[in-house]
Amino acid sequence: MDTLKVRIHYSPDGTVSISHLQGEEQMNTVALELTIEELRLLTTLASDQIFRRQFIDPRMPGHKTNSGEMSMGKALVARLRLMLDEGKVAG
């Protein structure tokens, strides 16, 4: 599994700029600018979706669990929460 390197830049106006660098050989950059409130909302929505997929969806007939996707989603939410915590320190 590839890992992502993340750079987080905070502006005095509350804007968060997140840059992801993929792979050592290939330096493709994806930048996403979010306010702290937008990042907080995205984290909450992602967390709610993971809860639904873990506890509600399995009760539906024909549901197939993708454990790799669940693990990746939980790790992503943890990283988003870390970014929010770092935003509190920077802000």
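Let's see how each residue does on (1) touching a residue at least 40 places away in the same chain (Cβ under 8 Å); (2) exposed (fewer than 11 other Cβ atoms within 10 Å of the Cβ); (3) in a helix (DSSP H, G or I); (4) of a type outside the set (Phe, Trp, Tyr):
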| site | (1), (2), (3), (4) |
| --- | --- |
| Asp48 | no, no, yes, yes |
| Gln54 | no, no, yes, yes |
| Asp57 | no, no, yes, yes |
| Pro61 | no, yes, no, yes |
| Lys64 | no, yes, no, yes |
| Gly68 | no, yes, yes, yes |
| Lys74 | no, no, yes, yes |
| Arg79 | yes, no, yes, yes |
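Can you tell me which residue within the range 37-73, out of those that are under 23 Å from Met83 (Cα atoms) and among the acidic types (Asp, Glu), is modelled with the highest pLDDT?
Step by step, filter the range 37-73, then rank; the result is Asp48.
The values are calculated or read from the model by the stated rules, or taken from the named source; none is laboratory data. What you see is a predicted model; the values in this text were computed from it and never measured. A quick note on method: Cβ atoms are made from the backbone with ideal geometry, for glycine too, and the neighbour counts reach across all protein chains shown.
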